[in-house]
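Remarks on the structure that follows.
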Amino acid sequence: MKNKITKAIIPAAGLGTRFLPVTKSIPKEMLPIVDIPTIQYIVEEVVKSGINNILIVVSSNKNDLVDYFDSNFELEETLRKKGKVKELEIIEKINNLANIQYVRQKYPKGLGDAILCAKNYINNEPFAVILGDDVIINKDKTIQPGLKQCIDIYEKHKKMVLGVQHVSYDETDKYGIIQPKNKNINSNSEIEVEGIIEKPKPENAPSQYAVIGRYILPPEIFEKIENSSLSSRGEIELTPALEAIAKQDGAYACNIIGERYDIGSKFGLIKATIDEALDHKEVKEEVSNYIKELAKKL
Ligand code: G1P
């Protein structure tokens with residue numbers, strides 16, 4: 001792999017069944033952390049990592065997400081007429097965040113299949129993939145965004161990079177877990193990877209480093225996905241293709257620094273909401289006082 005990373009894929013076609021009933025009509029990616037939909041956190045991480053071309057893989061029930069990054073002429077005109085300059089600025093910033101395009105995944109056939117939908121957009125270059133279920137928030141602004149940390153390792157080795165974080169053994173069955181090349185990895189920022197196992201039981205986990213939805217992939221991944229067979233859950237997963245690339249060309253894991261929220265789970269979204277509310281200039285005092293009062297009763 002030689003080229004610079006200029007494109008990112010955001011798979012957002014999932015049904016969001018873990019958040020029913022709200023996801024019956026609202027895309028999971030539009031659920032807010034206080035007042036910002038989670039998909040905006042993801043898009044902003046991509047942009048802050050130096051990538052402006054984004055393809056979001058959606059499904060038929062994600063029109064609200066597509067509308068969110070489009071201009072809303074009526075709303076903008078009303079805000080302009082009423083002199084609501086600050087609100088207008090916020091809205092216009094979202095319209096112009098990045099050069100976003102969309103492709104539809106016709107059937108919910110898994111993450112590998114969703115990425116395959118981006119084959120024509122990618123056009124034989126290495127590219128980034130970022131998943132919406134893992135939001136990384138760094139209060140310390142001197143720390144690079146998670147995806148940028150992965151890109152830096154890619155730039156050094158020109159090999160596939162998987163963004164990971166350390167998890168406890170009772171969580172290995174929720175993630176792709178990397179198999180490091182060397183036993184002694186301590187907590188290095190980069191780890192050479194020999195393979196990856198999808199959602200292993202703790203006793204089968206080859207390490208405690210879980211893939212947290214940040215990938216730098218070579219274009220050869222498409223051919224590997226095309227050759228993948230259906231998993232036990234009836235989907236085309238990404239992990240067998242990652243494993244094939246790691247075995248063929250080698251790969252690295254980037255041990256990402258940052259506070260990660262698993263917002264694919266209800267508790268993760270609640271945690272992110274509380275933490276961001278405690279940092280939100282409009283509500284932080286009220287929320288902090290409320291939590292202190294509440295804590296006395298618990
Ligand atoms: C997917 C991947 C898994 C990865 C996880 C990160 O799993 O298959 O390897 O660790 O995302 O969020 P899913 O959340 O689709 O079950």
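Below is a table of values for the structure above.
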{"read-out": "Within the range 262-298, considering residues that are acidic (Asp, Glu) and in a helix (DSSP H, G or I), the one farthest from Leu131 (Cα to Cα)", "value": "Glu293"}
{"read-out": "For Ile143: the one exception among (1) under 18 Å from the mean Cα position of the chain (by Cα); (2) within 16 Å of the ligand (Cβ to nearest atom)", "value": "(2)"}
{"read-out": "Residue satisfying all of: in the range 55-98; in contact with a Leu (Cβ under 9 Å, 6 or more places away or on another chain) and among the β-branched types (Val, Ile, Thr); surrounded by the most Cβ atoms within 10 Å (Cβ to Cβ) among these", "value": "Ile56"}
{"read-out": "Residue tally, condition within 20 Å of the chain's Cα centre (by Cα) and either closer than 18 Å to Gln248 by Cβ or buried (at least 21 other Cβ atoms within 10 Å of the Cβ) (or both), over the range 199-221", "value": "12"}
{"read-out": "Residue list for the range 232-260, restricted to those being in a loop (DSSP other than H, G, I, E, B) and either more than 14 Å from the ligand (Cβ to nearest atom) or exposed (fewer than 15 other Cβ atoms within 10 Å of the Cβ) (or both)", "value": "Ser232, Arg233, Gly234, Gly250, Ile257, Gly258"}
{"read-out": "Residues satisfying the stated conditions in the range 203-231, i.e. of a type outside the set (Val, Ile, Thr), outside any strand (DSSP E or B) and within 15 Å of the ligand (Cβ to nearest atom)", "value": "Asn204, Ala205, Pro206, Ser207, Gln208, Lys224, Ser228, Leu230, Ser231"}
{"read-out": "Cβ-Cβ under 9 Å pairs, at least 6 apart or on other chains, the range 161-174 side exposed (fewer than 15 other Cβ atoms within 10 Å of the Cβ), far side among the aromatic types (Phe, Trp, Tyr) and part of a strand (DSSP E or B)", "value": "His166/Tyr209"}
{"read-out": "Failed condition for Asp152, given (1) surrounded by fewer than 23 Cβ atoms within 10 Å (Cβ to Cβ); (2) within 13 Å of the ligand (Cβ to nearest atom); (3) modelled with pLDDT of 95 or more; (4) under 20 Å from the mean Cα position of the chain (by Cα)", "value": "(2)"}
{"read-out": "Qualifying positions in the range 119-140 - aliphatic (A, V, I, L, M), within 16 Å of the ligand (Cβ to nearest atom) and farther than 15 Å from Cys254 by Cβ", "value": "Val135, Ile137"}
{"read-out": "Scan of the range 193-234 for residues that are small (Gly, Ala, Ser) and more than 19 Å from Val129 (Cβ to Cβ), ordered by number", "value": "Ala205, Ser207, Ser229, Ser232, Gly234"}
{"read-out": "Filter result (touching a residue at least 12 places away in the same chain (Cβ under 8 Å) and of a type in the set (Ser, Thr, Tyr)) within the range 7-38", "value": "Ser25, Thr38"}
{"read-out": "Any chance Ile177 is within 10 Å of the ligand (Cβ to nearest atom) and free of Cβ contacts under 8 Å to residues at least 40 places away in the same chain", "value": "yes"}
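Here is a yes/no grid of residues against (1) closer than 18 Å to Ile245 by Cα; (2) modelled with pLDDT of 95 or more; (3) among the small types (Gly, Ala, Ser):
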{"position": "Phe127", "(1), (2), (3)": "yes, yes, no"}
{"position": "Lys159", "(1), (2), (3)": "yes, yes, no"}
{"position": "Gly163", "(1), (2), (3)": "yes, yes, yes"}
{"position": "Val167", "(1), (2), (3)": "no, yes, no"}
{"position": "Thr172", "(1), (2), (3)": "no, yes, no"}
{"position": "Glu198", "(1), (2), (3)": "yes, no, no"}
{"position": "Lys201", "(1), (2), (3)": "no, yes, no"}
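The values are calculated or read from the model by the stated rules, or taken from the named source; none is laboratory data. Keep in mind the model is a prediction, meaning the values are calculated, not measured. Counting neighbours? That spans all protein chains shown, and the Cβs are built from the backbone with ideal geometry, glycine included.
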